Amino acid sequence: MPHIGIKMLEGRSKEQKEKLSAALVKALCETLGCSSHYVTCSIEDFNAREWQEVFASDIEGKKENLYKKAEYDPKSLL
């Protein structure tokens, strides 16, 4: 069933993550016409150094699955 995986820079609160998760699950269910009963969502935090590897492997390395491209240079976060 659908799983939403979010990877982002650290620094957001648990409340922000819960609100984000709820909004994304709602949007997914409305768009795909499925019940939230079947949807899961995870959020992983990374520091700026770790993000360099995530960006290289999960964004640059998987362009065929990327539906929204980055508009920034990840090195600018260091």
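What follows draws every value from the coordinates through simple rules; no lab data is involved. It should be emphasised that the depicted structure is a prediction, and the values quoted were computed from it without experimental measurement. When we count neighbours, we look across all protein chains shown, and the Cβ atoms used for this are built from the backbone with ideal geometry, even at glycine.
Does LYS75 fit the bill of being part of a helix (DSSP H, G or I), loosely packed, with under 11 Cβ neighbours inside 10 Å and free of Cβ contacts under 8 Å to residues at least 24 places away in the same chain? Explain how you work it out, then say what you get.
Numbers: part of a helix (DSSP H, G or I): yes; loosely packed, with under 11 Cβ neighbours inside 10 Å: yes; free of Cβ contacts under 8 Å to residues at least 24 places away in the same chain: yes.
The answer is yes for LYS75.
I need the full set of residues from region 22-59 which are part of a helix (DSSP H, G or I), more than 17 Å from ILE4 (Cβ to Cβ) and touching a residue at least 24 places away in the same chain (Cβ under 8 Å), in order please.
Keep residues of region 22-59 that are part of a helix (DSSP H, G or I), which gives 22-32, 36-38, 48-59.
Now drop any that are not more than 17 Å from ILE4 (Cβ to Cβ), which leaves 48-53, 55-57.
Matches in region 22-59: ALA48, ARG49, TRP51, GLN52.
Where the second residue is part of a helix (DSSP H, G or I) and among the acidic types (Asp, Glu) and the first is under 20 Å from GLU53 (Cα atoms) and lies in region 4-21, which pairs have Cβ atoms under 7 Å and are six or more apart or on separate chains?
Final answer for the pair search is LYS7/ASP58.
Select from region 22-51 the residues that are touching a helix residue (DSSP H, G or I) at 6+ places or on another chain (Cβ under 8 Å) and closer than 30 Å to ASP73 by Cα and list them in ascending order. Even if it seems obvious, please write down each step before you answer.
Restricting attention to region 22-51, the residues satisfying the condition of being touching a helix residue (DSSP H, G or I) at 6+ places or on another chain (Cβ under 8 Å) are 25-26, 29, 34-36, 39, 41, 43, 46, 48, 51.
If the condition is that a residue be touching a helix residue (DSSP H, G or I) at 6+ places or on another chain (Cβ under 8 Å) and closer than 30 Å to ASP73 by Cα, then VAL25, CYS41, ILE43, PHE46, ALA48, TRP51 are the ones that fit.
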